[in-house]
Amino acid sequence: MVSEILQQSHLVDGEAEVNLQKQGNELPSQILNGRHGKSGSDRSSVRPSLDYNCGDDNTGIASYRDVPSSVNIDIQPDTLRKARQQREMTFQDMCNNLDIFEDDDEDDDDDSDWEPLHKLREIMKWFCTNCTMANLDVAVHCDSCGEHRESGILKHGFFAPSFLHESTLLEAELETRTDKGMVSQVSTFNSSTAIGFDERMLLHSEVEMKSHPHPERPDRLRAIAASLATAGIFPGRCYPIPAREITKEELEMVHSAENIQAVEVSSNVISCYFTPDTYANKHSAQAARLAAGLCADLASEVFSGRAKNGFALVRPPGHHAGVKQAMGFCLHNNAAVSALAAQAAGAKKVLIVDWDVHHGNGTQEIFEQNKSVLYISLHRHEFGRFYPGTGAADEVGTMGAEGYCVNVPWSQSGVGDNDYIFAFKQVVLPIASAFAPDLTIISAGFDAARGDPLGMCDVTPAGYAQMTYLLNIVSGGKLLVILEGGYNLRSISSSATAVIKVLLGESPGCDLDDPLPSRAGMKTVLDVLAIQKNFWPVLESSFSQLQSQYEIYTTQRRKPRKKRGRGVVPPLCWRWSRKRLLYHLLKGQLRVRGKGF
């Protein structure tokens, strides 16, 4: 593993450093003051491909970007570059891949008769900061999400206007909100919600921007932090915990020594890739250690009662990282480290609920033989066609721990609030209550949120707030939320803010007492109950009741066919009499057409 990384990477030469731009992307000063290190920046947003996957392994499922692992990604020789240009020189590729227009001047004469090429070279220049889609230079707003090209989302979070970027509008809005007492500054000493954050995690970024910038980028944390600062939540109503790097001994409780060493060696290289989508630079190993260390300490703080609950504003994410491999943008498994840290502090049973749109295959692998950690995941699955392909309903655990892995695999995209809340009330909460955990951990990916370019689902901030509210009572309020995925900056920042407000004791805003799921959603929940009732008897009554209602429910949701009335039935003798025209008209065999139709 180590040798492969070194072969695909450049060793750091002397004072070589990663080029981290800063223009316009600094976190609010009240967050950065007194913190360690500098705030790096990667202004590039992401143009996702047409699939929705967030990584690549050996499952055979298409990855976010199809980059052969055998190719040195850091440098493209001229011959390879020209070959790639010839291979990609289609009109669609011209619209999606900006780098093919950066030809040398010596090639300009050859393309002088290709007018569209020269025009596209001049006008296609920017990616949307919010949703990562490519846009023409003549466009002021993103064609996909409507975000202004000079978006203020990295300064004010989702509070920044999406169509008009003038700061005066936002300042007037915030002044009104402050005058009405909607933004409250609460002393950190009176707060009960802890936040784990360190700006050194922003230094983890892809060194060289490819044709599609990477979706897992530092701007994700910047947007959330800006939203919290603008709302007066952090700093203000939440308090930070000191950051520390996880120790090797703590990591060895989760990952193999070979995997730990492979991540660690990346600190000696400028750029490397564990999979074609899972990158690292010289700062990535430290960022991963900081993320894991913050999550471990938050779990201990919450379980011990020193904090009522906590939110880990961390990256890189972790739930795809398994025992032996880093994959799917993930290096160390933050949720797994937190669960074991809580058990080291005295917790006997830990519940992990993973609502990231992708299945947490790494977390399941780590705990699939452990009856003291219950893992429940709700994710797009599509019968194994959605990344990473794992997480079917019949994956329930092994070696005596059957039933301690619970998977709710959605069969299609577009899943929204009603489906998630329905699954929570029918599956998640009954099992969680029977398990009676000492601590609940949420692997909170926000890529199932409305507008996310990878998840393509429809969960709203109110839906995430409601799910948090429901889980808050499972373990007596001892709840830790850990950031995983989420790649639309407005979606991820608004959803994270809604979740943290619930942690602070605010109402989730809407109460879905009787959610009406989609037909496919109900079918998925019914399939899960049919399997899990064998391990959790508390589900038996729900399964029987839902099974009897399913056919009625699906019948009621079908659109009834309109029946044509018989109307007046003419006598049969009219058919051969002078009234034959009237007979055929009344029988519907003739139609009278008015003028103008």
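Multiply the residue gap between ALA434 and ASP143 by 0.36 nm, knock off their C-alpha separation, and tell me the result in nm, one decimal place.
100.0 nm
For the range 190-245, rounded, prolate or oblate, judged on the Cα gyration tensor with a ≥ b ≥ c (square roots of eigenvalues), a/c < 1.5 rounded, else prolate if a/b > b/c? Intermediate values should be presented prior to the final figure.
Working: a/c = 4.41, a/b = 1.98, b/c = 2.22.
Oblate, since a/c reaches 1.5 and b/c is not below a/b.
Over the range 268-416, what is the mean sequence separation of C-alpha contacts under 8 Å (at least six apart), divided by residue count, expressed as relative contact order in percent? Could the numbers behind the result be given before it?
Numbers: 296 pairs, mean separation 25.0, N = 149.
So the answer I get is 17 percent.
Report ³J(HN,Hα) in whole Hz for each residue of the range 285-301, in order, from the Karplus equation J = 6.51 cos²θ - 1.76 cosθ + 1.60 where θ = phi - 60°; Gly and Pro get x.
So the J values, rounded to whole Hz, are 4, 5, 4, 5, 5, 5, 4, 5, x, 4, 5, 5, 5, 5, 4, 5, 4.
For the pair ILE552/SER507, report the inter-label distance in nm, with labels modelled 7 Å from Cα in the Cβ direction.
A separation of 3.2 nm, rounded to one decimal place.
How far, in nm, would the chain grow between SER413 and GLN545 when pulled straight, counting 0.36 nm per residue and subtracting the alpha carbon separation? Mind showing how you got there, number by number?
On the way: separation 132, 0.36 × 132 = 47.52 nm, distance 2.66 nm.
Full extension of this stretch gives 44.9 nm more.
Report the paramagnetic label zone for GLU208: residues of the range 275-292 whose backbone N is under 17 Å from a point 7 Å from Cα along the Cα-to-Cβ axis.
Zone members listed by number: 275-282.
Taking Cα centroids, how far is the range 289-314 from the range 409-477 in Å?
A separation of 20 Å, based on Cα centres.
If I model a spin label at ASP394 and ALA345 as a point 7 Å from the Cα along the Cα→Cβ vector, what separation in nanometres do I get?
4.0 nm
Pulled fully out, how much extra length does the chain show between LYS125 and SER256, if you take 0.36 nm times their separation in residues and subtract their Cα-Cα distance?
Values: separation 131, 0.36 × 131 = 47.16 nm, distance 4.37 nm.
Stretched out fully, the LYS125 to SER256 stretch lengthens by 42.8 nm.
Could you work out the relative contact order of the range 193-513? I mean the mean sequence separation of Cα pairs under 8 Å and 6+ apart, divided by the number of residues, in percent.
18 percent.
Quantify, in whole percent, the carbon and sulfur part of the accessible surface of the range 381-504 (1.4 Å probe; protein heavy atoms only). Working shown, then result.
Numbers: 1640 of 3110 Å².
Answer for the range 381-504: carbon and sulfur cover 53 percent of the accessible area.
If Lys and Arg each add +1 and Asp and Glu each add -1, what is the summed charge of the other residues whose beta carbon sits under 11 Å from the beta carbon of MET399? If you can, show how the numbers build up before the last one.
Values: positive: LYS371; negative: GLU368, GLU402.
Summing Lys/Arg as +1 and Asp/Glu as -1 gives -1.
Going by a ≥ b ≥ c, the root eigenvalues of the Cα gyration tensor, does the range 193-513 fall in the rounded group (a/c under 1.5), the prolate group (a/b larger than b/c) or the oblate group? Numbers along the way, then the final one.
On the way: a/c = 1.20, a/b = 1.15, b/c = 1.05.
Rounded, since a/c falls under 1.5.
For GLN369 paired with GLU249, estimate the spin-label separation in nm (one decimal), with each label point 7 Å from Cα along the Cα-to-Cβ line.
Roughly 2.4 nm, to one decimal.
The values are calculated or read from the model by the stated rules, or taken from the named source; none is laboratory data. Note that the coordinates shown come from a computational prediction; the quantities given were computed from them, not determined experimentally. Reconstructed Cβ throughout: ideal geometry from the backbone, glycine too, with neighbour counts over all protein chains shown. When the accessible area is computed, the model is the full protein with side chains, heavy atoms only, and any ligands, DNA or RNA have been set aside. Shrake-Rupley method; radii C 1.70, N 1.55, O 1.52, S 1.80 Å.
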